[in-house]
Amino acid sequence: MPARSPFTAGTRKWERLGLAGLVVALVTAGLLLAVDPVDTDDADSRVRAELQVVLDDWAHAVRTGDDGSLAELIDDASPELLDAERERIAAISVVPLADLGYELASEPALPLPPETIARFAADEVRAHRVHLRYAVDGIDDVPTRRPVTVLFVHRPQGWRIADDAPDLAGAQTVTWRGPWDHGSLHLATAQTEGGRSLVIGHPDKAAFVDDLAGDLPSVVEAVDDLWGDSWSRRALVVVTSSREEFSHLVGPRHDGDDIAAVAVSDDVDHERGVATGQRIVFNPAASDRLDDTSRRIVLAHETVHVAARAGTVDGSPMWVLEGFADYVGHRTAAEGLATGPVDVQRIAPTLTRQVRTSGAPTSLPADGDFTGDRSALAYESSWSIAAYTADEFGHDTLVSLYRALAAGPVTDERLDDVLTDLLGVDTAEFVDGWGRWLGERIRDIR
């Protein structure tokens, strides 16, 4: 609460006039102070509008291959950027795009180090976060968005683009790179249940790209047969040719050599059941390491993640998510092959050795087991749990179990309730049944 005025009712007339003058002066000063932010905001809004026009022209040049317009947009001080943009235009021209644009982010301009400003000797230098918006025709119902950091410089003829991945000391800058930023492209199409699917790669991976396109129709049909038709029933697959490209597309958390492929997405709206920007991205080493069977298994596994993405919440038990995807993958590659001793030992050699050495498992795999030295055992165990569930309780029950447990983190009590409702057993009985099922299918258990 403000302090009371020290002036009394008997204040002399000149003092009252002085106070009145002070009030007027303060109000006037306030009005004057208020003018500057308004002017600044207006100026910034004008600049932002001008920058958006530059971004629109940039997108149009990329989509249409307009080299003349592109040369006018790129600053003369950045010839290497112009060369990179020309290579991008040539590569992206073979991709069927329904939309491509650049949108200035709502955040204010990024802080610039003095050396960056001095390097261009321009009237003004600004760095902004930008959203690359694009949609692949026949694949994306809604455009996906990826972050780009753009450096603009102001010349007498207007704003120009100086860099699309500046290194700004003290500011976090991110620029996403698509397949077209890593060289010329080789595309293959496939007609799948939901329409056209697409595989994108580079000429050095052309044979692998074509093989995946040949696999897609039957893989999508197999996933559709088990999961149902409540998904797009088409896919966009990207085959990378370098670790750098793989890391750009999936993030550094998933770029290990032991990962054959990763399913990624842009945004997931669980309430509406919509996932945007879904891609299956293959490691560059996959083409050398996967044979025809393992290639189909991996593709089907990742396609399951695409199909189930809208109904899968982060934090759900990994043994459910990965086990179901692995089960569909192996089922797709060997449709009609009865589950038996040979299958378990071939698909799960690490688990087979573990059972023969230490007996059947006594607990479900923990999420932490899916990385590091125990990852092979965790994945194989999860596959076998899904195979046991399908064998003992039916495929419909397996799908229902996935849907029930993929809705987020699951407590022990919740797991007991779901298993009891769907299978008629609690967790301990479920684990015990799984162990007996394994024992019957792995010969010579010690």
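The values are calculated or read from the model by the stated rules, or taken from the named source; none is laboratory data. The model shown is predicted, which means the values in this text are computed figures rather than measured ones. Quick reminder, even Gly has a Cβ in these numbers, built from the backbone with ideal geometry, and neighbours come from all protein chains shown. These accessible areas exclude ligands, DNA and RNA; they are computed on the full protein's heavy atoms, side chains included. Shrake-Rupley method; radii C 1.70, N 1.55, O 1.52, S 1.80 Å.
Points worth noting:
- Region 65-157, dipole about Cα centre (Lys/Arg Cβ +1, Asp/Glu Cβ -1), debye to the nearest 20: 300
- Pairwise centroid distance, computed over Cα atoms, of region 406-441 with region 225-274, Å: 29
- When the alpha-carbon atoms of region 229-360 are used, the pair Rg, Dmax equals 16.1, 48 angstrom.
- The simple spin-label model puts a point 7 Å past each Cα toward its Cβ; for Thr420 and Asp123 those points are separated by 7.4 nm.
- Calculated mean residue ellipticity at 222 nm for the chain: -16000 deg cm²/dmol, from DSSP H runs with n ≥ 4 weighted as -39500 (n - 2.57), summed, divided by the residue count and rounded to 500.
- Neighbour net charge for Asp326 - beta-carbon separation under 12 angstrom, K R +1, D E -1: -2
- Rounded to the nearest 10 degrees, the inclination of helix 318-333 to the longest alpha-carbon principal axis of the chain is 60 degrees.
- With a cut-off of 12 Å on the backbone N, no residue of region 151-180 is near the modelled label site 7 Å out from Ser247 along Cα-Cβ.
- Full-stretch length increase - Glu87, Gln52 - with 0.36 nm per residue and alpha-carbon distance subtracted: 10.3 nm
- About the centre of its Cα atoms, the chain shows a dipole size close to 1020 debye [charges on the beta carbon of Lys, Arg (+1) and Asp, Glu (-1) only; nearest 20 debye].
- Toward the positive end of the charge dipole of the chain, with +1 on the Cβ of Lys and Arg and -1 on the Cβ of Asp and Glu, the farthest Cα among Phe120, Ser45, Ala285 is that of Ser45.
- The residues of region 279-433 expose, per residue, 43 Å² of accessible area to a 1.4 Å probe.
- Seen against the Cα atoms of the chain and their longest principal axis, helix 412-423 is set at about 50 degrees.
- Computed from the Cβ-Cβ distance with R0 of 41 Å, the FRET efficiency linking Glu103 to Glu221 stands at 0.65.
- Length added when fully stretched, Thr350-Ala71, from 0.36 nm per residue minus Cα-Cα: 94.7 nm
- Cα-Cα pairs of the chain separated by more than 43 Å (percent): 34
- If you plug the beta carbon distance of Asp137 and Ser265 into 1/(1 + (r/R0)^6) with R0 = 25 Å, you get a FRET efficiency near 0.85.
- Considering only Ala235, Gly424, Val268, the residue lying farthest towards the positive end of the dipole of the chain is Val268, judged by Cα position with unit charges set on Cβ.
- Site pair Glu413 and Ala43 shows an inter-label distance of 6.1 nm when each label is modelled 7 Å from Cα along Cα→Cβ.
- Dipole-positive endmost among Val410, Thr397, Ile442 within region 385-446 (Cβ charges, Cα centre): Ile442
- Helix 292-308 vs. the chain, principal-axis angle (Cα, 0 to 90°, nearest 10): 50
- The slack between His395 and Arg196, meaning 0.36 nm per residue of separation minus the straight C-alpha distance, is 68.9 nm.
- Each Cα pair under 8 Å and six or more residues apart adds its separation to the average, and for region 48-126 the resulting relative contact order is 35 percent.
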